[in-house]
Protein chains: 2
Amino acid sequence: MLRGWELSAGDLEALALGAAILGTGGGGNPYIGRLRATQLLKAGFRIRVLPFDQLEDADLVVAVGGIGAPVVGIEKFEKGDECYQAMRAVERFSGKPVTALISSEIGGSNAIEPLIAAAYAGLPVVDADGMGRAFPEVQMCTYLIYGLPGAPAALADEKGNIAILSSVADEYWLEKLARTAAVDMGATAGFALAPMRGSDLKRTAVPHTLSLALKLGRLVLQARSRHLDPVSQVAGETGAQLLFEGKIQDVSRRVVKGFARGRVEIDGLRDFQRSRLTVDIQNENLVARRDGEVIASVPDLIMILDLETGEPITTELLRFGFRVAVLGLAAPEQLRTARALEVVGPRAFGYDLPYRPLGGGGWYAEH
Amino acid sequence: MLRGWELSAGDLEALALGAAILGTGGGGNPYIGRLRATQLLKAGFRIRVLPFDQLEDADLVVAVGGIGAPVVGIEKFEKGDECYQAMRAVERFSGKPVTALISSEIGGSNAIEPLIAAAYAGLPVVDADGMGRAFPEVQMCTYLIYGLPGAPAALADEKGNIAILSSVADEYWLEKLARTAAVDMGATAGFALAPMRGSDLKRTAVPHTLSLALKLGRLVLQARSRHLDPVSQVAGETGAQLLFEGKIQDVSRRVVKGFARGRVEIDGLRDFQRSRLTVDIQNENLVARRDGEVIASVPDLIMILDLETGEPITTELLRFGFRVAVLGLAAPEQLRTARALEVVGPRAFGYDLPYRPLGGGGWYAEH
């Protein structure tokens, strides 16, 4: 019996856009994966989504995605079945049949990669993820934050190399070993975490995020076609605050330990004239300061969108002169607990800042 | 039934010395491993050697050793059971019980590491190896040269991390992936190759090299205690040619892609006065030129020994003023075939030189 509902090519377009918005500047570009997934649909493969409330306790679910050189923008596969091969490797190693896939990271390209692996496998993708956004490292996903073991995990590349991390000292070691293996394999690899029970996912995953990303993308596409303002549509749907509108004045960017770090300076327009917003970046947009005062920070989402089209602007595409809106969206509750903030709060990224949660939360939880 | 004969603490001292001589300047320092192996003997563990002619076709043998940052001199384990853990990981992955261990590389520290793993495992170590000397990379061992699969291979560190390379595109990918994983794990890791059948080892291994290294070490120790010349004893035993005697005039050394590369210049003494020998180094001593003319090269062994004591001088210890003898020993036949020379001949190390085999071979084959 096939479970779940099918994604169409149009859904893939909207999902990729919504995932890019939730990528908050990072997460890798989902468009290449979208093209590949669309090709698979044309070739007769099916991509099915398993509603979160249809997840069964006994389901055995593998989270897959691309992992690579942490500098953004290169999450591109040569062959396309890397995540599938990685999933089969953990399945073989564990000795139990996998019943569904899931994303670790709905923001950016890893919203799409599980769909491709699922198409090859003939399995559905659970409507949920482990971040509700994008983060740069694997220990930052809720499955690991809430104690599910990441190992045995597997990496696979397009050349036929498969590495299984069968035992790891902790989740930081998992990240470290997987990251360098992926870089070795040619900058990027398909990555699969240890199979998780449905019962454990119910406790740890951020539910409904695949359909939320899809909804968000559809909303922006519709707003464009109806000549509505995409940014206010996104804010209205999600409850995100309009943190700023302005024109990019300066972008500084450098690569530190493989991570794209930088800062963007935005001079205010409209209601924000004579004000300046600074956004610190480490792959994702991390901390927003208005006239020196912190107004939003991780794990809350700081989304920089083109002021007119609502197109999300990834950190590597930020340029002088772009007119942008900056939205702040309350993170899912799963990222706001004391335990989670140790891993994904401002201090985990090296900022000596307390986390001041944005108000207006609830979008993730309402669905 | 326990198979093989037992090694004593005295044997370990001689074996470490002989292995260092066969290390031709590289292979890592065996003395730290020797101390640990000696402690194990004191604690009641046994180390047994399985004569090559007692190897059975159905034996399942795992080659283990340390792998690490290729710069020499840091092949040191923190905990001591890393190779054992790596061996158990490939055994579990393969699902068949391992019956013996073997060295990949008798030259240097990896002569000893299998003994430590074997002590923990209660298994014997086959009297053979995959190089008859030391080489810097895993694809240079005869098991892989002659087509045995290296994967599934495993790496283990002292922190509990275990990585299984379950599938590799080729043996060069095995080397690359294993090397960076090891560096990640803290510069060094225990490494185990895929289990090999006894019948395959009979076809691919260099036999008797453990006992040859032991014999060589005993010879030097005896020569010292009897005030005989250790260098001429080594030459007499092995059939090695005395290539040069002299005083080190200059040593240049740099690290290129993690490999210790360099050159040592030696001014002649005694019969070699008014002559100069240059030895190129890439971890091991690779090419010897007398007054500009190549007189020995890989895969033949170029051994630099202290002129008085016969102590092998590893490349990182070469210093101005040392008085040394340079011996050239014909490599085992397994390294001299056309197939092997593609992997371990001068061109494999970047030298545009034909391989001119040293005469006087046969030491390896006679035993």
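The values are calculated or read from the model by the stated rules, or taken from the named source; none is laboratory data. If you're wondering where the values come from, they're calculated on a predicted model, not measured in any experiment. All Cβ positions, even for glycine, are placed from backbone atoms using ideal geometry, and neighbour counts span all protein chains on display. For accessibility, only protein heavy atoms count, side chains too; no ligands or nucleic acids. Shrake-Rupley method; radii C 1.70, N 1.55, O 1.52, S 1.80 Å.
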- Output for the stretch A:286-307, where each listed residue is free of Cβ contacts under 8 Å to residues at least 24 places away in the same chain and under 25 Å from A:ALA14 (Cβ atoms): A:ASP306
- Message: If I ask for residues that are open to solvent by less than 20 Å² (accessible area, probe 1.4 Å) and touching a residue at least 60 places away in the same chain (Cβ under 8 Å), which ones from the stretch A:145-161 would you list?
- Response: A:ILE145, A:ALA153, A:ALA154, A:LEU155, A:ALA156, A:ASP157
- Note on the structure: Okay, strands (runs of 3 or more DSSP E) sitting entirely in the stretch B:263-321 with 2 or more residues that are in the same structural domain as B:GLY360 (by TED's automatic domain parsing) and within 18 Å of the chain's Cα centre (by Cα), I get B:276-282, B:284-290, B:301-306
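Only helices (runs of 4 or more DSSP H) wholly contained in the stretch A:40-146 count here; list those with 1 or more residues that are more than 30 Å from A:ASN285 (Cα to Cα) and within 14 Å of another protein chain (Cβ to nearest Cβ).
A:82-94
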- Task: Run down A:LEU214, A:LEU228 and say which single residue is under 24 Å from the mean Cα position of the chain (by Cα), under 30 Å from A:PHE52 (Cβ atoms) and not polar (S, T, N, Q).
- Result: A:LEU214
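Quick one: in the stretch A:315-343, which of the residues that are touching a strand residue (DSSP E or B) at 6+ places or on another chain (Cβ under 9 Å) and open to solvent by 20 Å² or more (accessible area, probe 1.4 Å) is modelled with the lowest pLDDT?
From the stretch A:315-343, those touching a strand residue (DSSP E or B) at 6+ places or on another chain (Cβ under 9 Å) are A:315-316, A:318-335; that's our starting set.
Now narrow it down to the ones that are open to solvent by 20 Å² or more (accessible area, probe 1.4 Å): A:316, A:319-323, A:333-334.
Details: A:GLU316: 83, A:ARG319: 91, A:PHE320: 93, A:GLY321: 94, A:PHE322: 95, A:ARG323: 97, A:GLU333: 96, A:GLN334: 97.
That would be A:GLU316.
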- Note on the structure: Residues in the stretch A:84-99 that are in contact with a helix residue (DSSP H, G or I) (Cβ under 6 Å, 6 or more places away or on another chain) and either open to solvent by 50 Å² or more (accessible area, probe 1.4 Å) or among the hydroxyl-bearing types (Ser, Thr, Tyr) (or both) total 1
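If we scan the stretch A:10-21, do we find a residue that is out of contact with any His (no Cβ under 6 Å at 6 or more places or on another chain) and not in a helix (DSSP H, G or I)?
No, there is no match, as no residue in the stretch A:10-21 is out of contact with any His (no Cβ under 6 Å at 6 or more places or on another chain) and not in a helix (DSSP H, G or I).
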- Give the residue that is nearest to B:ALA205 (Cα to Cα), with candidates limited to residues of the stretch B:353-366 that are assigned to a loop (DSSP other than H, G, I, E, B) and open to solvent by less than 70 Å² (accessible area, probe 1.4 Å). B:GLY362
- Tell me which residues, restricted to the stretch B:100-137, are closer than 20 Å to B:ALA156 by Cβ and β-branched (Val, Ile, Thr). B:ILE102, B:ILE112, B:ILE116, B:VAL125
- Among what's in the stretch A:182-217 and is free of Cβ contacts under 8 Å to residues at least 60 places away in the same chain and surrounded by 21 or more Cβ atoms within 10 Å (Cβ to Cβ), pick the residue that is nearest to the other protein chains (Cβ to nearest Cβ). A:ASP184
- Here the qualifying pairs (Cβ atoms under 9 Å; residues six or more apart or on different chains; first in the stretch A:162-181 and within 7 Å of another protein chain (Cβ to nearest Cβ) and closer than 13 Å to A:GLU137 by Cβ; second open to solvent by 10 Å² or more (accessible area, probe 1.4 Å) and in a helix (DSSP H, G or I)) come out as A:TRP173/B:ASP184; A:LYS176/B:ASP184; A:LEU177/B:ALA181; A:LEU177/B:ASP184; A:THR180/B:THR180; A:THR180/B:ALA181; A:THR180/B:VAL183; A:THR180/B:ASP184
- Note on the structure: With criteria (1) farther than 28 Å from B:THR238 by Cα; (2) open to solvent by 10 Å² or more (accessible area, probe 1.4 Å), B:VAL62 comes up short on (2)
- Message: Just to be sure I understand the filter: pairs with C-beta atoms under 8 Å, separated by 6 or more residues or on different chains, first member in the stretch B:127-140 and of a type in the set (Lys, Arg), second member at pLDDT 95 or above and part of a helix (DSSP H, G or I). Which pairs pass?
- Response: B:ARG133/B:LEU22; B:ARG133/B:LEU335
- Item | Boolean, A:ILE32 is open to solvent by 20 Å² or more (accessible area, probe 1.4 Å) and either at negative phi or of a type in the set (Lys, Arg) (or both) | yes
- Would you check which residues across the stretch A:100-126 are in contact with a Phe, Trp or Tyr (Cβ under 8 Å, 6 or more places away or on another chain), surrounded by fewer than 24 Cβ atoms within 10 Å (Cβ to Cβ) and not aromatic (Phe, Trp, Tyr) and list them? A:ALA121
- Message: Checking B:ARG339 against (1) part of a strand (DSSP E or B); (2) more than 16 Å from B:GLY25 (Cα to Cα), only one condition comes out false. Which one?
- Response: (1)
